[in-house]
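Visitor: This structure is in structure tokens; I'll ask about it shortly.
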Amino acid sequence: MGDSPQLRKGIAQLESTSIGVRTFEDAIFESRGYQVPSSAVSSGLGDIELESRYRYFDDSLWGLGLRARIRMPTATHEPQLNNLLDRPLGEGNWSARLGSLHDFKLWPGRLSLRSAVFVTWNLPSDKVKAIPVSASDPLPNLKDPNQIERVRMQRGSRMDTDVGAVLDLYGGVLSLSASYLYTVQGQDSVQGTRNLAYSELVRNTAWEQHALELGVEVSSVSLFQSERFPLPGKVGLSVFQPVAGVNTIVSPYGRLDVILFF
């Protein structure tokens, strides 16, 4: 390297520096305007969904239906850019979902094989994002106003498929189900007006997942139709277990759904 005063000065500075956790916290996060990652808690209203269901064919062997849903961006919490663990409570865009459902009745009124296909289309939305200058940047620099921009985001379309069996007991009041689910989502896209690395916002947003689901559901629909219960609704408990996938998190969970029809 030769006799470089700058090199000697740099080595002396490194020698006198105490390198620890705080060194990396400052170099990676605080120097770029971020909080050091820690737990984050938020609460508020999520996205509101409106859904309609229509059974257009039903006989002793087959049952066919449609489901349509609109999701509205009503979430009240917007994550802070300087907190990397802060997450939104909704998707932040309007979307429409259309599904086709198919029942094959092995044992009418008791045991059915079911399948379903759902497709979701997302409308674009404007969001304020922190964007790196190049793909080699570890994080965007929040202290540079040029790297914070309102961009046009477009989430990829999504397809959900479901194949399984349902056992109905007590005239459909109690149902037990087991299903295999496959989900695939296309790549997101983003548009901005500055010379920034916009592709980093949508890297690896295309994903797919294979999963198993077990569920139990209590329904008052048949009781309402026979005028033995005042309201038509369902309460369902399901357990979801991913088994394979690409660009997705293995996150098994339990879910409780309370549905009221009107």
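The values are calculated or read from the model by the stated rules, or taken from the named source; none is laboratory data. Everything quoted here is computed from the prediction, not taken from an experiment. Counting neighbours? That spans all protein chains shown, and the Cβs are built from the backbone with ideal geometry, glycine included.
Visitor: Here are some conditions: (1) surrounded by fewer than 16 Cβ atoms within 10 Å (Cβ to Cβ); (2) in a strand (DSSP E or B). His77 meets all but one. Which one does it not meet?
Guide: The one condition His77 does not meet is (2).
Visitor: Go over the candidates Asp162, Asp168, Asp137, Asp103 one by one and state the one that is acidic (Asp, Glu) and assigned to a loop (DSSP other than H, G, I, E, B).
Guide: On inspection, the qualifying residue turns out to be Asp137.
Visitor: Glu208 - would you say it is among the acidic types (Asp, Glu), farther than 23 Å from Ser52 by Cα and part of a strand (DSSP E or B)? Working first, answer last.
Guide: Details: among the acidic types (Asp, Glu): yes; farther than 23 Å from Ser52 by Cα: yes; part of a strand (DSSP E or B): yes.
Considered against the rule, which asks whether it is among the acidic types (Asp, Glu), farther than 23 Å from Ser52 by Cα and part of a strand (DSSP E or B), Glu208 comes out as yes.
Visitor: Pairs only if they're at least six apart or on different chains, beta carbon under 6 angstrom, first in the stretch 224-251 and closer than 27 Å to Leu174 by Cα, second of a type in the set (Val, Ile, Thr); list them, first residue then second.
Guide: Pro232/Val221; Gly233/Ile259; Lys234/Ile259; Val235/Val218; Val235/Val258; Leu237/Val216; Pro242/Val250
Visitor: Looking at Val216, Val239, which one is assigned to a strand (DSSP E or B), on the phi < 0 side of the Ramachandran plot and out of contact with any Gly (no Cβ under 6 Å at 6 or more places or on another chain)? Talk me through it step by step, then tell me what you get.
Guide: Numbers: Val239 fails: out of contact with any Gly (no Cβ under 6 Å at 6 or more places or on another chain).
Answer to the check: Val216.
Visitor: Here's a check for you: in the stretch 170-195, which residue that is more than 22 Å from Leu212 (Cα to Cα) and over 26 Å from the mean Cα position of the chain (by Cα) is surrounded by the most Cβ atoms within 10 Å (Cβ to Cβ)? Even if it seems obvious, please write down each step before you answer.
Guide: In the first step, residues of the stretch 170-195 are kept if they are more than 22 Å from Leu212 (Cα to Cα); the result is 170-173, 187-195.
From what's left, over 26 Å from the mean Cα position of the chain (by Cα): 170-173, 193-195.
Values: Tyr170: 11, Gly171: 12, Gly172: 17, Val173: 15, Thr193: 10, Arg194: 11, Asn195: 9.
Taking the candidates together, the pick is Gly172.
Visitor: Counting only residues that are exposed (fewer than 12 other Cβ atoms within 10 Å of the Cβ) and under 19 Å from Arg110 (Cβ atoms), how many does the stretch 210-262 have?
Guide: Of the residues in that region, 2 qualify.
Visitor: Filter the stretch 22-57 for residues that are assigned to a strand (DSSP E or B) and touching a Gly at 6+ places or on another chain (Cβ under 8 Å) and give the result. Give the steps one after another, and end with the answer.
Guide: To start, the set of residues in the stretch 22-57 that are assigned to a strand (DSSP E or B) comprises 48-57.
Selection gives Arg53, Tyr54, Arg55, Tyr56, Phe57.
Visitor: Moving on to the next point. Would you check if there is a residue in the stretch 80-90 being within 30 Å of Phe29 (Cβ to Cβ), over 19 Å from the mean Cα position of the chain (by Cα) and loosely packed, with under 15 Cβ neighbours inside 10 Å?
Guide: yes
Visitor: Could you list, ordered by first residue, the pairs with Cβ atoms under 6 Å in which the first is in the stretch 111-134 and within 21 Å of Arg71 (Cα to Cα) and modelled with pLDDT of 95 or more and the second is of a type in the set (S, T, N, Q) and part of a strand (DSSP E or B), at least 6 apart or interchain?
Guide: Every condition considered, the pairs that remain are Val117/Ser100; Val117/Thr161; Thr120/Ser95; Asn122/Ser95; Pro124/Gln154.
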